[in-house]
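Visitor: Below you'll find the structure I mean.
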């Protein structure tokens, strides 16, 4: 079974600074997808970024980028120029052949 | 974009009654929808995978007779919590994946259920 581990329950960052959230996963599959979702206080899950495992190039979306290390099964999220609106729970997710599994989440607080 | 709606957004019911939650993909067709449960300050726990026109696949430990899932069309899945009890109080979230392809799941806004 796939497992997703987020080892940082809480993190904080100063506005305009950069922060990296960690995620590791375990799988025996070779083709899969990885995602970072954001859940603000409204509790609406919002897709931040996705990565296909067959692509070596790290995905980027504006201020958000990932460091995907397939051999190490690591998928970290870097948020640059942090904004107050980035304050939320961040979930790392793995999707293989079947369903999507989530990590326990990291609560990120951006401080003014 | 891909929009998923849920109704109701919150519901309060008495113990022993049944509650139906609807999940709709508004601007795309979804052969597969997923139902999750989220406890306060915890992650999403997959309850079941809903497939259009066939029976849902339930995760281990989830009672299929208590959590009835119907996926009657490509844009609608429903979750019915039967004979609800206070321990069923939770935040229920659905998500949908496009029939036309793509691995991204789009999430509804969630339904907060409180059973008294």
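Visitor: P(r) for the range A:44-89: what percent of alpha-carbon pairs falls in each 10 Å bin, starting at zero?
Guide: 24, 52, 22, 2
Visitor: Over chain B, what is the percentage of antiparallel beta bridges among all DSSP beta bridges, to the nearest 5?
Guide: Bridges in chain B that DSSP calls antiparallel: roughly 90 percent.
Visitor: Taking chain B as a Gaussian network, Cα atoms linked when under 10 Å apart, which of B:61, B:16, B:53 shows the biggest mean-square fluctuation?
Guide: Taking springs between Cα atoms under 10 Å, the residue moving most is B:61.
Visitor: Stokes-Einstein D for the range B:47-97 at 20 °C, 1.002 mPa s, Kirkwood Rh over Cα pairs, in µm²/s?
Guide: Approximately 183 µm²/s, per Stokes-Einstein.
Visitor: Sorted from largest down, give the three principal axis spans of the alpha carbons of the range A:1-80, whole angstrom values.
Guide: Reported extents, whole Å, longest axis first: 37, 25, 21.
Visitor: Which residue fluctuates the most in chain A, going by a Gaussian network model with Cα springs under 10 Å, if the choices are A:65, A:28, A:80?
Guide: A:28
Visitor: So what's the gap between the Cα centers of the range B:84-106 and the range B:1-34, to the nearest angstrom?
Guide: So the two Cα centres are separated by 8 Å.
Visitor: Just rank A:108, A:84, B:26, fewest to most, by other beta-carbon atoms within 10 angstrom.
Guide: Lowest to highest Cβ neighbour count: A:84, B:26, A:108.
Visitor: A further question on this structure: Within a 10 angstrom radius of the beta carbon, how do B:91, A:75 rank from fewest other beta carbons to most?
Guide: The order, fewest Cβ neighbours first, is B:91, A:75.
Visitor: Something else now. Taking only Cα atoms and a 10 Å spring cutoff, compute GNM fluctuations for chain A and point out the largest among A:67, A:58, A:30.
Guide: A:30
Visitor: Tally the DSSP beta bridges in the protein assembly as shown and give the antiparallel ones as a percent, rounded to 5.
Guide: Given both bridge residues lie in the protein assembly as shown, the antiparallel proportion sits at roughly 90 percent.
Visitor: Please report, to one decimal in angstroms, the Kirkwood hydrodynamic radius of the protein assembly as shown built from all distinct Cα-Cα pairs.
Guide: 18.2
Visitor: Take the Cα radius of gyration of chain B and divide it by 2.2 N^0.38 Å, with N its residue count; two decimals is plenty.
Guide: 1.00
Visitor: Follow-up question, since we're still on this one. As a test of the definition: which semi-axes, in Å, follow for the range B:5-59 when you take the square root of five times each eigenvalue of its alpha carbon gyration tensor? Largest first, please.
Guide: Output for the range B:5-59: semi-axes of 21, 15, 14 Å.
Visitor: Still on this model: Order these by the 10 Å Cβ neighbour count, fewest first: B:12, B:21.
Guide: B:12, B:21
Visitor: Where the convex hull is taken over the Cα atoms of the range B:72-116, what is its projected area averaged over directions, in nm²?
Guide: Dividing the Cα hull surface by four gives the mean projection, 4.0 nm².
Where a number appears in this text, it was derived from the coordinates with a stated rule and is not lab data. These numbers were taken from a predicted model, which means no experiment stands behind them. Positions of Cβ are generated from backbone atoms using ideal geometry, with glycine treated the same way; all protein chains shown enter the neighbour counts.
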